Amino acid sequence: MALERTFSIIKPDATKRNLTGKITAMLEDGGLRVVASKRIQLTLAQAQQFYGVHKERPFFDELCEFMISEPIVVQVLEGENAIARNREVMGATNPAEAADGTIRKTFALSIGENSVHGSDGPDTAKEEIAFFFSGLELVG
Ligand code: DAT
Ligand code: MG
């Protein structure tokens, strides 16, 4: 399989606890290479647009408020099967259901404050990368 790219966020609960390095190391140890990375703070409008697919869900407002509460680190990760690989390293959305050794099992505080985001498929990976990065910022 060819190299693939996916999009990752280190979320506010994790940046606040100074876990950016530890989480990045877990991604790297999982076979993923960081080909772009920046620390930013989202506006409410950006958070609402990014999570637009969830706008009818009961947790949408809470999710967007959380995502703007502290800076985040947005990254593009590259590797064999990077989309699925990243989801494996992240673990299940709900940390109570995440496998041992995953980022969410290790660090997440709750189903909402769950430390990381990862694209769920090739189309969303492409869209999410383009939402935050220009081609010039991706250095494989
Ligand atoms: P994932 O982030 O694993 O792809 P998702 O796309 O279903 O999960 O949901 C996006 C985010 O929304 C998730 O990381 C945390 C939040 N979320 C999901 N389900 C939730 C719930 N039942 N209560 C509170 N927040 C929730
Ligand atoms: Mg998702």
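For this structure, a couple of remarks:
- Single condition Ile83 does not satisfy, out of (1) more than 16 Å from ligand 2 (Cβ to nearest atom); (2) farther than 20 Å from Lys22 by Cβ: (1)
- Across region 50-59, the qualifying residues are those that are free of Cβ contacts under 8 Å to residues at least 12 places away in the same chain and in a helix (DSSP H, G or I), and the one among them that is farthest from Ala130 (Cα to Cα) is His54.
- Flag if Thr43 is within 16 Å of ligand 2 (Cβ to nearest atom), among the β-branched types (Val, Ile, Thr) and either within 20 Å of Phe132 (Cβ to Cβ) or modelled with pLDDT of 95 or more (or both): no
- Residue in region 98-105 that is near ligand 1 (Cβ under 10 Å from one of its atoms) and either under 21 Å from Phe66 (Cα atoms) or touching a helix residue (DSSP H, G or I) at 6+ places or on another chain (Cβ under 8 Å) (or both) present: yes
- Only listed residue being under 21 Å from Phe60 (Cβ atoms) and among the charged types (D, E, K, R), chosen from Glu88, Glu137, Glu80, Glu128: Glu128
- Unmet requirement for Gln41, which otherwise passes all of (1) of a type outside the set (Gly, Ala, Ser); (2) under 21 Å from Leu138 (Cα atoms); (3) buried (at least 20 other Cβ atoms within 10 Å of the Cβ): (3)
- Residues considered: Gly30, Gly101, Gly91, Gly52. Of these, the only one that is within 16 Å of Ser115 (Cβ to Cβ) and surrounded by fewer than 16 Cβ atoms within 10 Å (Cβ to Cβ) is Gly101.
The values are calculated or read from the model by the stated rules, or taken from the named source; none is laboratory data. Since we're looking at a predicted model, the values are computed, not measured. When we count neighbours, we look across all protein chains shown, and the Cβ atoms used for this are built from the backbone with ideal geometry, even at glycine.
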